[in-house]
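Bear in mind that the values in this text are calculations on the coordinates, not laboratory data. Note that the structure is a prediction, hence the values are computed from the model and not measured. Here the Cβ positions follow ideal geometry from the backbone for every residue, glycine too, while neighbour counts run over all protein chains shown.
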Amino acid sequence: MLHRDYDTQVCSIARSLEVVGERWSLLIIRDVGLGIRRFDDIRRKLGIPRGVLTTRLKHLTEEGVLERKQYLDHPPRFEYHLTPKGRQLWPTLVQLMMWGDEHYSKPDGPPLIVEHTGCGGHPDSHLLCDRCGTPLTPENTLSLPGRS
């Protein structure tokens with residue numbers, strides 16, 4: 001992992017990037033939030049090198065974004081879950097996804113669609129449902145495969 005020194009900057013963005021700004025980190029958080037929680041499943045989905053994934057998971061766990069939960073005793077096996085701190089990144093991820101959809105989506109549409117479970121609407125720029133106006137959260141939305 002490349003270490004960056006933001007000690008001389010009084011900037012919350014810089015400090016946040018120390019936690020989630022490394023390559024792969026937001027994609028790991030995205031996938032764990034989508035229910036891909038086991039090491040080998042994350043590695044396979046992302047195509048990430050084993051050592052890099054190990055380092056990122058350890059860092060995100062130490063920072064309290066993810067937590068490890070044992071699901072098998074012999075041999076010991078763990079899954080990763082978002083903590084409340086990690087779940088707070090959901091609006092950031094959705095906004096980043098919407099920005100990417102607007103500027104970099106393929107012609108046949110976005111690869112992932114966020115849908116309100118209450119009415120089938122989608123997030124607007126304020127993360128309100130574009131059909132019914134309900135504030136959207138991870139608890140009242142589904143992430144569905146898009147057309148790409």
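In the chain, one over the average inverse separation of all distinct C-alpha pairs is 16.8 Å, which is the Kirkwood hydrodynamic radius. GNM on the chain, alpha-carbon springs under 10 angstrom: the most fluctuating residue among 48, 13, 29 is 13.
Over region 48-148, what relative contact order in percent results from Cα pairs under 8 Å that are six or more residues apart? Taking the mean separation of contacting Cα pairs over the length of region 48-148, I get 19 percent.
Compute the distance from the alpha-carbon center of region 83-148 to that of region 17-33, in whole Å. Taking the Cα centre of region 17-33 as reference, the centre of region 83-148 is 17 Å away.
Arranged from fewest to most other beta-carbon atoms within 10 Å of their beta carbon, 80, 104 become 104, 80.
Each residue of region 36-42 was assigned a 3J(HN,Hα) from its phi angle through the Karplus curve 6.51 cos²θ - 1.76 cosθ + 1.60 (θ = phi - 60°); the sequence is 8, 10, 9, 3, 5, 5, 5 Hz, with glycine and proline shown as x. Using Cα springs under 10 Å in a Gaussian network model of the chain, which residue among 131, 30, 43 shows the largest mean-square fluctuation? Answer for the Gaussian network model of the chain: 131.
First obtain the Kirkwood hydrodynamic radius of region 29-79 from its Cα pairs, then insert it into the Stokes-Einstein equation at 4 °C and 1.567 mPa s, and state the resulting D in µm² per second as a whole number.
Working: Rh = 11.3 Å.
Calculated translational D: 114 µm²/s.
For region 90-145, what is the relative contact order in percent, using Cα pairs closer than 8 Å and at least 6 residues apart in sequence?
On the way: 62 pairs, mean separation 18.2, N = 56.
Computed over region 90-145, the figure is 32 percent.
Magnitude of the Cβ-charge dipole of region 12-85, K/R +1 and D/E -1, about the Cα centre, nearest 20 debye? Let's see the in-between values first.
Numbers: 15 positive and 10 negative charges, 39 e Å.
With only Lys, Arg, Asp and Glu charged at Cβ, the dipole is about 180 debye.
For the chain, a Gaussian network of Cα nodes joined below 10 Å ranks 82, 27, 17 by mean-square fluctuation, and the top entry is 17.
Over region 1-109, Cα pairs under 8 Å with separation of 6+ residues give a relative contact order of 22 percent. Placing unit charges on each Cβ (+1 for Lys and Arg, -1 for Asp and Glu) gives region 12-85 a dipole about its Cα centre, and among 70, 46, 35 the Cα reaching farthest toward its positive end belongs to 46.
Rounded to the nearest angstrom and ordered from largest down, what semi-axes does the equivalent ellipsoid of region 90-145 get from its C-alpha gyration tensor (root of 5λ)? Don't skip to the end; give the middle numbers.
Numbers: eigenvalues 68, 27, 20 Å².
Result for region 90-145: semi-axes of 18, 12, 10 Å.
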